[in-house]
Amino acid sequence: MLFTECTLEDLDKRLKLKSLPFNKMPILQTWLNGTSEISEDEQKYLLILQEYLLEDVENWNEQELAMHFIGPMFTLVQFSYERKFNLFAERPISGVVDSIEMNGRPDGMIATGYREPDKPYFCFQEYKKDKDPNGDATAQALAAMLVAQELNEHQFPVYGCCVRGRHWYFMALQGKEYSISDSYTATKNEIYDILRILKVLKQMLIERVK
């Protein structure tokens, strides 16, 4: 099964997954409520990115959204850490989940490795419109997270994110249970929460690879 073919309904039924409200999944709450300082320089840069987003988000296609806004946000966090994990884009991953072969190329993932991804910890999918001809981006992100969970032999929770234009949704998966947060809107003050949550993710991953 290709990630691009997945829907949440199909994944729930075929894999017997359970979707939890985001406030009922402790691992997601811990991530969303974590603390991380945002410097004055970072705040100034976020305002530049936000102004750019406000002006053009309705006009950008997927690649332009990634290049002009999402990429710079991830660059601020600097997800490359001592060559122990790195941020990769459109790298193929595959695995078998409950006897179903699944594969695809997430728009982004954070995985162990420096030049090539090894074990993915975070899977990221983005697209511009709420209804996209290339499928359900939230389901694609979850499918990638399910494969990542198998590749990690279910040792850790797996995290993810889906972006629809200005709206960011954070995701967590543990076993057969997953949850998707309410949206964080990057054209509002929630842009600071988005950066904080990404920085908390980095700290969580550093603790994992120590």
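The values are calculated or read from the model by the stated rules, or taken from the named source; none is laboratory data. As the structure is a prediction and not an experimental result, all values here were calculated from the model. Here the Cβ positions follow ideal geometry from the backbone for every residue, glycine too, while neighbour counts run over all protein chains shown.
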TODO: State which residue is nearest to the chain's Cα centre (by Cα) when the search covers only segment 23-61 and only residues that are small (Gly, Ala, Ser) and surrounded by 14 or more Cβ atoms within 10 Å (Cβ to Cβ).
DONE: Gly34
Task: segment 179-193, subset crowded, with 21+ Cβ neighbours inside 10 Å and of a type in the set (Val, Ile, Thr), residue farthest from Tyr159 (Cα to Cα) - done: Ile191
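Based on what the data block shows, is Gly71 farther than 30 Å from Asp12 by Cβ, of a type in the set (Gly, Ala, Ser) and either surrounded by fewer than 18 Cβ atoms within 10 Å (Cβ to Cβ) or at pLDDT 95 or above (or both)?
The answer is yes for Gly71.
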Task: Yes/no for Tyr121 being free of Cβ contacts under 8 Å to residues at least 60 places away in the same chain and within 11 Å of the chain's Cα centre (by Cα) - done: no
Open item on the list: Please count how many residues of segment 80-121 are among the charged types (D, E, K, R) and out of contact with any helix residue (DSSP H, G or I) (no Cβ under 8 Å at 6 or more places or on another chain).
Closed with: 8
Task: Segments classed as strands (runs of 3 or more DSSP E), wholly inside segment 145-210, with at least 1 members that are in contact with a Ser or Thr (Cβ under 8 Å, 6 or more places away or on another chain), in contact (Cβ under 8 Å) with a residue 40 or more places away in the chain and over 16 Å from Cys6 (Cβ atoms) - done: 167-174, 177-180
